[in-house]
Amino acid sequence: IARFFAAFSVLAFHYFSVTAASTYAPLRFYLERGYLGVQLFFIISGFVIFFSLQDNIKRFALSRFLRIYPIFWVLCTVTYITTILIPTEGVLSFGRYLYNLLIINNGTTALMVDGSYWTLTHELIFYVAIGLFVFLFKKKRVEWFFMLWLLILSLGVVFRLQEMFIFKILLIRSGFYFIFGGMLGLLVQEWRQSTLKVKLRRIGSMVLSVVMVGYLSSVLLEKDPSLVTNHFGMYDVSTLWSVIGLFFLVPVLVYLSYKVSHPKMISISKALGGITYPLYLLHNKIGALVLGAFGVFGIWSPTSVLFVIGLIILCHYIAQIEERWRKQVNRKIVTAYNL
């Protein structure tokens, strides 16, 4: 549910934030900060990585590849074709489209089929890095990975090295979210086996991650006081408090998830989780083109609401088909190559 909420928040920001000022305060607050769903998703990704992480690095790599790339190739292609069918400025060349299929970018949204895809590069770097670490040192030592990453990024922030290429590769503007989620995952999964010292170390790492997000924001603001949403990690005071609130929200959601035992709720949660990825991949560019043609992109209207409902239903069926296909392919590859 949390993943769906994160994706839907980004969608709501893109689809309705233009008219946010005319809505009542709580809804306006949500719509204007819906883009923070990205940060929430990074925290969740850090937390759930343990469900797929395993010492068999080949299986881990296969599961991540099948989960990320095939459906991305299909939906990125659908988006690219839509940009051709509905004329717009800045249609990418076919070569640039092919490059987009690698999910590698430098954050320049104008060079992407869909500007939202920049977040996938961060996810991919995280998966590759933690996978390599586990390959070298095994899953039981994964806490070292998060501790070392936290140390390096913290030094980068303190010494204001965030613009150096190496620190960009190390995800200095998003890494703290992954680290927080990862440490939370370790804390929850090994709570009963852990000593008080270990628990305090992990909680301390989570707290430091939150502090560094705030400190990084102040460093970036000091350098460039003009608040531009694209400058990921740069927040004014009120927005920063919203970001910090996410760090408190995720542990609460994790706690509540362990209280959910009703089969129907579990089924709904699973369905919403499945919708998340295709919804994120399809919503932004296609929504801008289709709803823009009606003059209602960013505006709360019957047309945009119906479009959102239809998109969610479509993504539900896409997720079901993709999941069945992915499980079958994964099973065949594991059996064929004895992974």
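The values are calculated or read from the model by the stated rules, or taken from the named source; none is laboratory data. Here the structure is a predicted model, which is why all the values come from computation and not from measurement. Every residue, glycine as well, gets a Cβ built from its backbone with ideal geometry; the counts of neighbours run over all protein chains shown. Heads up: the accessible areas ignore ligands, DNA and RNA and are worked out on the full protein's heavy atoms, side chains in. Shrake-Rupley method; radii C 1.70, N 1.55, O 1.52, S 1.80 Å.
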Testing the spin-label approximation: label points 7 Å from Cα along Cα→Cβ at Met164 and Val260. State their distance in nm. 4.2
Let a ≥ b ≥ c be the square roots of the eigenvalues of the Cα gyration tensor of segment 155-282; is it rounded (a/c under 1.5), or, if not, prolate (a/b larger than b/c) or oblate? oblate
Straight-line reach from Lys223: which lysines fall under 23 Å, measuring Cα to Cα and dropping same-chain residues less than 8 apart? Lys168
Amide H neighbours of Trp300 under 5 Å, counting only residues 5+ apart in sequence or on other chains, H built in-plane at 1.01 Å? Thr19
Net charge over other residues, Cβ less than 15 angstrom from the Cβ of Ile166 (K, R count +1; D, E count -1): +2
Whole-percent carbon and sulfur contribution to the accessible surface of the chain (1.4 Å, no ligands, DNA or RNA) stands at 69
Please label the shape of the chain as rounded, prolate or oblate, based on the square roots a ≥ b ≥ c of the eigenvalues of the alpha-carbon gyration tensor (a/c under 1.5 means rounded; beyond that, a/b larger than b/c means prolate, else oblate). rounded
Under 19 Å Cα to Cα from Lys199, which aspartates and glutamates show up? Leave out anything in the same chain fewer than 8 places away. Glu143, Glu190
What is the distance in Å between the Cα centres of segment 287-339 and segment 158-183? 30
Could you tell me the center-to-center distance, by alpha carbons, between segment 1-17 and segment 20-76 in angstrom? 11
Using the Cα centre of segment 1-122 as the reference point, and only Cβ charges (+1 on K/R, -1 on D/E), how large is the resulting charge dipole? Debye, rounded to the nearest 20. 320
Rounded to the nearest 20 debye, dipole of segment 240-339 from Cβ charges on Lys, Arg, Asp, Glu: 400
Please compute one quarter of the surface area of the Cα convex hull for segment 244-339 and express it in square nanometres. 9.9
Enter the accessible area of Phe137 (Å², nearest 10), with the probe set to 1.4 Å and all protein chains included. 90
What are the lysines whose alpha-carbon lies under 20 Å from the alpha-carbon of Lys327, with same-chain residues fewer than 8 places away excluded? Lys58, Lys270
List the residue ranges in the chain for DSSP H helices whose C-alpha atoms run 15 angstrom or more along the long axis and whose Kyte-Doolittle average is 0.5 or above. 2-16, 37-52, 57-85, 118-137, 142-158, 175-189, 196-223, 237-257, 263-293
If each K or R counts +1 and each D or E counts -1, the residues other than Cys76 whose Cβ falls under 10 Å of its Cβ total 0
Sorted by accessible area (1.4 Å probe), largest first, how do Ser257, Ser242 line up? Ser257, Ser242
Options Phe307, Gly37, Phe145, ranked by Cα towards positive dipole end of the chain, top entry (Cβ charges): Phe145
Using a 1.4 Å probe, what is the accessible area per residue for segment 1-99, in Å²? 46
How big is the accessible area of Glu322 in square angstrom, nearest 10, if you roll a 1.4 angstrom probe over the protein chains? 20
